[in-house]
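Structure, as structure tokens:
The values are calculated or read from the model by the stated rules, or taken from the named source; none is laboratory data. If you're wondering where the values come from, they're calculated on a predicted model, not measured in any experiment. Quick reminder, even Gly has a Cβ in these numbers, built from the backbone with ideal geometry, and neighbours come from all protein chains shown. Just the protein is used for accessible areas: all its heavy atoms, side chains included, with ligands, DNA and RNA removed. Shrake-Rupley method; radii C 1.70, N 1.55, O 1.52, S 1.80 Å.
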Amino acid sequence: MLHHALIIFWLSCTLAFLAFSPKKYVKGDTVELLWNKIESDHTQLPFRYHDLPFVCHDRTQKAKTLLLGEVLKGDRFWESIYQLRFGVDQPCTQLCDMYTSATGVARADHLIRNGYVVHWSLDGLPGATTFTSANHGSKYYAAGFPLGFVKGETAYLYNHVTIVVRYHKERSGANAIVGFEIYPKSVNGAECPGTSKNYKNLPLTISKDKNGKLLPQRFHIPYTYSVYWREDNSVTYNNRWDLYYDNETSETSSQIHLLSLVNSVVLACLVSMVVAIVMVKVLKSDLKPEASIPLAHSDTLARLIHSGLWKNLVSVVMRPPVKVALLSTLCASGIQCLVAMMSVIVVFTVNNKLSFGTGSTFNAFFNNHQGAFFSCSVILLLASGFVSAFFGMIFHKLLSNERPSTVYHGSKTRLLSCAFAGTFPFSIFSAVMFINLFVWAKESSNALPFGTIIVIILLFGLIELPLGIIGGVLGNRYEFNTNSFFVTSYVPQKPEGSLDNRRSIFLSPIITIFAFGLIPFGIVYVDLLFIFNSVWLEKTTFYYMYGFLLLTALLLLVVVAESAIVATYISLTVYSNPNWQWLSFRVSSSLGWYVFGYSTYYFVYNLQMSDVVSIIIYFAYMALVSAAIGVSCGAVGVLTSLLFVRKIYGAAKRD
């Protein structure tokens, strides 16, 4: 069985290596240019370039087969009718004479005025607009090129492109493509402008009657192109993506990330000092054998904290919280989300060779931008179902105050395993399907094809749930060491006997969310800003600072865990409140509320979305992301508080 698994793994690695290995060319080889999509920073509705009614069409061209990650990313590659041969310059070639209706002209006018950008692909590289940095005079790329431009009250369509393909010549004589530059022009005529500036632009004229309706017309658009091949040995295949990472603010961004990291370390150290005071000074004195156990509340806060009153809660602190199954499911989902997210960050950090802010792609194992992020996320999310079910089963037993040696029967184990492993993926799938309805209605290219939906359902049913059941069965059979504090701290549940706990405004949901979410949000704020800019505002850029993101995530987990300890100890000691389970989840998950609040602020002050569907897409996805962050941090908080409570009450029992 093992050797079969090794063979399958070896074949998978070999296919992956072949898929991402560089393609070599010699002079005269056909180079395939692919059409992809158009998108805008002002809307969340991209469209397939091939489907536009005003571009050249050839019914013999076919759609390219895409990887799952590319489909989820929104790529829709299609064979183009551009004819490129490696190393062969084409000063002027006529593509087609396109005749479109008044509706097609109006569509082009609308898309240009909304700032739509065209995305093509050549040898895995997106077509780029070239810029020169004002700071150090170096060249950098922005993916895509504008569909047209607006001057005065008139929109002009780019109908000529000058394509410059840069290649690196190797010692073997083979060549690798390292650059794909596009220089669009609007030309009112069938002649190529070349380097001349003495040509007229192609205006889009729309004729309407007195009622504002479009008048029938047949608008002529001549499409032409030029191709030039340039050898550039300053760029290699391994670092050909670096020009997409560099921009006017790349150096400043690295400095900002570094300062933010220092700030995060300081905040984490401050919270750690508070926890150290709680653990060393307070608990150490409370757990002294000679310490007496008071029977009533002290008159002063100082005497109360050092009195050891929390020991009186030993008979009730382990009682199951209300809706323990819901809390266990949320914690299991949080573990699954956390494992998947951290794994993705680690994989991309390692893939960038632990690069911190440089954006270097040298010796990367795979291309980060060929849908790899989504493919990796799906694979790790499916695999993490095993982990969530395994720990979810243990979580459920401990939170239910059952003996750690308890073994559930088969049907209950399978039911809980499916809940622990399937809740989070099912929630994501439901949200995506909800969003997909609106995208379908707008005929956007982001709409998931029916075949992809079937594949996702099959992955969920044939991989996710079986892995979850296996993890749940193993978690159900897991046995703790007899000397473990999970065993020694076990207190049989008693129906009678309870200390009255004091209610406080401090423990109310609003106050705890506001107070305990502020520091975690301060740690992740800068990374959130750059991620938001890359995803929502500057779609022609790429996020690459995974090294800083990994360090920030680790500091965040430390602060969240320590915040849960502080909140739990305050609840037990100051307010004699044994209901720490939901409190620790609420305190730790408060970051999710901050993230959603910040997404609302970002929408109001940074984005310029006007159509209802784009607004729905934005807030639906941000609600999903905020919930994922919230349950992940909440699971960390509950786990930390569980360890903390079991540890201190196990020590108190020994005393």
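A few points about this structure:
- Alpha-carbon centroid distance for the pair the stretch 45-120 / the stretch 538-603, whole angstrom: 44 Å
- Per-peptide packing, taken as the mean over residues of other Cβ atoms within 10 Å, places 613-622, 265-274, 547-556 in the sequence 547-556, 613-622, 265-274 from highest down.
- Three semi-axes describe the equivalent ellipsoid of the stretch 48-186; taken as square roots of 5 times the Cα gyration tensor eigenvalues and ordered largest first, they are 27, 21, 17 Å.
- The 3J(HN,Hα) values that the Karplus relation (6.51, -1.76, 1.60; θ = phi - 60°) gives for the stretch 185-191 are, in residue order, 9, 9, 10, 8, x, 9, 9 Hz. Gly and Pro appear as x.
- Whether the stretch 181-263 is rounded, prolate or oblate, judged on the alpha carbon gyration tensor where a/c under 1.5 counts as rounded: oblate
- Computed on protein heavy atoms with a 1.4 Å probe, the accessible areas place Leu572, Leu68 in the order Leu68, Leu572, largest first.
- For the cross-link pairs Lys73/Lys169; Lys62/Lys539; Lys185/Lys210; Lys73/Lys197; Lys64/Lys208, the ones whose C-alpha atoms lie over 30 Å apart are Lys73/Lys169; Lys185/Lys210; Lys73/Lys197; Lys64/Lys208.
- P(r) tail fraction, the stretch 16-125 - alpha-carbon pairs more than 18 Å apart, %: 60 percent
- Cα convex hull, the stretch 101-163: 124 Å³ per residue, rounded to a whole number.
- Cβ crowding within 10 Å averaged over residues, with 106-119, 378-391, 159-172 ranked highest first: 378-391, 106-119, 159-172
- Equivalent-ellipsoid semi-axes of the stretch 556-609, from the Cα gyration tensor, Å, largest first: 32, 11, 7
- For the stretch 129-279, the Cα-based Rg and Dmax, in that order, read 25.1, 80 Å.
- Taking the centroid of alpha carbons for each part, the stretch 455-469 and the stretch 380-432 are 14 Å apart.
- Contact order relative to length of the stretch 528-655, as percent, for alpha carbon pairs under 8 angstrom and 6 or more apart: 33 percent
- Dipole check for the stretch 35-98: with +1 at the C-beta of Lys and Arg, -1 at the C-beta of Asp and Glu, and the Cα centre as origin, the magnitude is about 240 Debye.
- Counting all C-alpha pairs of the stretch 513-638, share separated by more than 18 Å (%): 57 percent
- For the stretch 150-163, 3J(HN,Hα) per residue [Karplus equation, 6.51 cos²θ - 1.76 cosθ + 1.60, θ = phi - 60°, Hz, x = Gly/Pro]: 10, 10, x, 9, 10, 9, 10, 9, 7, 10, 10, 10, 9, 9
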